[in-house]
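Only one structure is covered here, and it is reproduced in the block below.
What follows draws every value from the coordinates through simple rules; no lab data is involved. Worth saying up front: this structure is predicted, and the values here are computed from it rather than measured. Here Cβ is always computed from backbone atoms with ideal geometry, including for glycine, and neighbour counts include all displayed protein chains.
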Amino acid sequence: MKQKTVNQIQARLSEIAQEQSQFEQRDFDAELLEVMSSGGDVDQLEQKQLEDERQARRLRVEKQALELELPVAKQREGLAELEVLKRDCEGDASLIAEQVDIINKAFDKDIKPALERLCQIEAKRYSALSRANTLTKQCGVQSSIVSYFGVLDSRRLKAIQEYIHAGREPESGTTFVTNGRFIEDLD
């Protein structure tokens, strides 16, 4: 049997199923009775029925052969597609390394110092909030000035966090899911 694709095999199996269904619906005895009753050529009908039974047997065997070939064809096509995917991803490690270098340089130059400064400001504001709460309690001062202290958010910074986390909750702390393979470890 010529090597067929999965689609070709499935299409042929569907055709065979239709042909077998038509064959199984026939009533050979009723056909013979009708020809005998009408005075037709019984030998010709029997010859036709034998040919149809031979064809049905051939279809059964072809179906079995195709059913055996189908998993092999699926595996063959799957392996071929995997090879294409592998070839498409072969240079990714070096491309990722280039982008990581760009990000790392930008991070070290501008982002890391800015984040450190933001953390210092945040720590100062929390300390001020804590002290303001203590003062209002100790001194019996009722003031709305306490609301001045604490967290100050930035919509622009939130947008950056959302972009980095790509749909994950910014508080989750996970930026990437890893399988334990890092480009730095590849040969």
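Where in the chain are the DSSP H helices whose C-alpha atoms run 20 Å or more along the long axis and whose mean Kyte hydropathy is at least 0.0?
92-106
For the residue pair residue 153 and residue 58, what label-to-label distance in nm results when each label sits 7 Å from Cα along the Cα-to-beta-carbon direction?
Result for the modelled spin labels: 7.5 nm.
Between residue 120 and residue 46, what is the label-to-label distance in nm when each label sits 7 Å out along the Cα-to-Cβ direction?
Rounded to a tenth, the inter-label distance reads 10.8 nm.
Work from the charge dipole of the chain (Cβ charges, +1 for Lys and Arg, -1 for Asp and Glu, about the Cα centre) and give the residue of 3, 114, 99 farthest towards its positive end.
114
Report, in debye and to the nearest 20, how large the dipole of the chain comes out about its Cα centre when Lys and Arg carry +1 and Asp and Glu carry -1 on their Cβ.
In debye, rounded to 20, the chain gives about 2140.
Net charge near residue 76, counting Lys/Arg +1 and Asp/Glu -1 over other residues with Cβ under 14 Å of its Cβ?
Net of charged neighbours comes to -1.
Calculate, for residue 28 and residue 70, the FRET efficiency according to 1/(1 + (r/R0)^6) with r their C-beta to C-beta distance and R0 25 Å; round to the nearest 0.05.
0.20
Find which of 150, 85, 16 sits farthest along the positive direction of the dipole of the chain, computed with +1 on the beta-carbon of Lys and Arg, -1 on that of Asp and Glu, about the Cα centre.
In the chain, that residue is 150.
Using a simple spin-label model with points 7 Å from Cα along the Cα→Cβ vector, what separation in nm is obtained for residue 106 and residue 20?
6.1 nm
Cross-link partners among lysines for residue 124, C-alpha distance below 30 Å, same-chain residues fewer than 8 apart left out?
Leaving aside lysines fewer than 8 places away in the same chain, those within reach of residue 124 are 105, 109, 112, 137, 158.
For the peptides 66-75, 112-121, what is the packing order when you average, over each peptide's residues, the other Cβ atoms within 10 Å and list the highest mean first?
Output ranking for 66-75, 112-121: 66-75, 112-121.
Once you treat every alpha carbon in the chain as an equal point and sum by Debye, what is log10 I(q)/I(0) at q = 0.11 Å⁻¹?
Evaluating at q = 0.11 Å⁻¹ gives log10 I(q)/I(0) of -0.83.
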